[in-house]
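So the structure is just underneath, and the comments pick up after that.
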C-alpha cells in the first residue's frame, strides 16, 4: 500500500494565511509551508479531514476502490488494502482514533500527535502499533512554536514528520522503535519552568510508563486531613498524565529503579532529597557529619540504581544556585546537596536537559 501525503498541515495549513502569531511568522520567514491535510492511497482512495474516504477518481465508479475494506472508528478510519496492508487514519485535527479490542496491528498510522501524543503510547500498549509500524504526525500547525520543535518531539515519540508530497509504502520497514533514544535523561529547571511537562512529553508515546512520585508528602496525604493547595497541585499533574499511567508514591527511588520495567518518570529528585535529609536529621543538625554520612549513603544507593536501571528513566530535578544565597544553614545545605546530586546524575545520563520558560535546551556532555 502506498500513501501519498497531499498535505500535512492543519485545516488552514501552516503558516495560516493572515495569521500574525509567532509560529506562523517564523514558518513564513523560514520559507516553510504545509498545506491542509489530505491523503491518496494507491492513487485510488482519497481521504480528507472531516470526510469519509472516497474514490480518488469518481468518474471511474466505485470499482476504483474495489478490494479496500473501510471501517469507521470513533475518531478515525481503519483501512485494509487488497493485499492485506493495514492503515489507521485520524478523522481530522483533534480526532483520536480508538480501535476496538481485538483489532489487528497496523502497518501505518497517521495521527494528530500535537493534540495527543499519548494516543500513540496507548496504541503501542494495546499492541495495535508494533515496533515495525510506521507512525506519522499529521495536522501540523501553529499549535506548536516551530517546525524544529515538532521534529524534536517526533524523535522522542518515534514518529515521522514527513513533508507534503511524501509517499509512504507499507512494503518498506519503518524506523519504528529503532530510533536512538536516551536511556537515562535528567531534566533540570527552576520553579514553573515547564520541566515536568518536558519530562511527560518525552515519555508520552511509550507503551508502559510508571509515574514515580518521590516524597515527602504533607501530613494530609497520610492522615486524610484536607489540604486544598496540595490537592490542587496533585490534580493538575494527574490531569496532564494519561489515566493508564500507574503512580507509585515512594521515597525508595533506588528500589523502584531496580524493580520497574518499561519507562519511569521520577518527579522529582528535589523532593526525594528533602525526604532523605529529613530522615537523616539534617534539619536538626545542619552540617553535622552524622547526618551528612547518612545522606551520602542514600545518594550513593540512588546513583548505583540509576546506573543499572533496566527501565528507560526520565528524572526531574530543580536547578539550584542561580538565585540569592539561602539565608539559613539548612537552606544552604539543601542547595549544596542537590547541586552535587544533580552533577552526579548528569554524569551518568545520556542526556541532560535544561528547561527555561518552557524551552528545552539539551546540554552538551
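Couple of notes before you dig in:
- Size check on the stretch 279-335: the Cα extents along the three principal axes, sorted descending, read 40, 28, 13 Å.
- Packing, as the average of other Cβ atoms within 10 Å across residues, places the peptides 164-172, 131-139, 329-337 in the order 131-139, 329-337, 164-172, highest first.
- Cα-based equivalent ellipsoid of the stretch 1-150: semi-axis lengths in Å, sorted from largest, via gyration tensor: 27, 20, 12
- 0 to 90° range, to nearest 10: angle between helix 147-157 axis and the chain longest Cα axis: 80 degrees
- Computed from Cα atoms, the angle from the helix 228-240 axis to the main principal axis of the chain rounds to 40 degrees.
- Centre separation in Å (Cα based) which lies between the stretch 286-331 and the stretch 133-149: 37 Å
- The shape of the stretch 238-344 can be summarised by an equivalent ellipsoid whose semi-axes, obtained from the alpha carbon gyration tensor, come to 26, 16, 12 Å from longest to shortest.
- Shape of the stretch 17-80, Cα gyration tensor, a/c cut at 1.5: prolate
- Helix 329-347 and the long axis of the chain differ in direction by around 40°, with both axes built from C-alpha atoms.
- MRE, 222 nm, helices only [DSSP H, n ≥ 4, -39500 (n - 2.57), over the chain, to nearest 500]: -9500 deg cm²/dmol
- Three-way shape label, the stretch 62-189, alpha-carbon gyration tensor, a/c 1.5: prolate
- Antiparallel beta bridges, as assigned by DSSP with both residues in the chain, represent about 45 percent of the total such bridges.
- Contact order normalised by residue count of the chain, Cα under 8 Å, 6+ apart, percent: 15 percent
- Rounded if a/c under 1.5, otherwise prolate or oblate - the stretch 312-362, Cα gyration tensor axes: oblate
- Taking 104, 327, 204 as the candidate residues, the one with maximal mean-square fluctuation in a Gaussian network model of the chain, Cα springs under 10 Å, is 327.
- Quarter of the Cα convex hull surface for the chain, i.e. its orientation-mean projected area (nm²): 21.8 nm²
- Computed extension length for residue 28-residue 167: 47.6 nm, one decimal, from 0.36 nm per residue of separation with the Cα-Cα distance subtracted.
- Taking the stretch 39-100 and dividing mean pair separation by its residue count, relative contact order in percent (alpha carbons under 8 Å, at least six apart): 24 percent
A short reminder: the numbers here are calculations on the coordinates, not readings from a lab. Keep in mind it's a predicted model, so treat the numbers as computed, not measured. All Cβ positions, glycine included, derive from the backbone under ideal geometry; neighbour counts span all protein chains shown.
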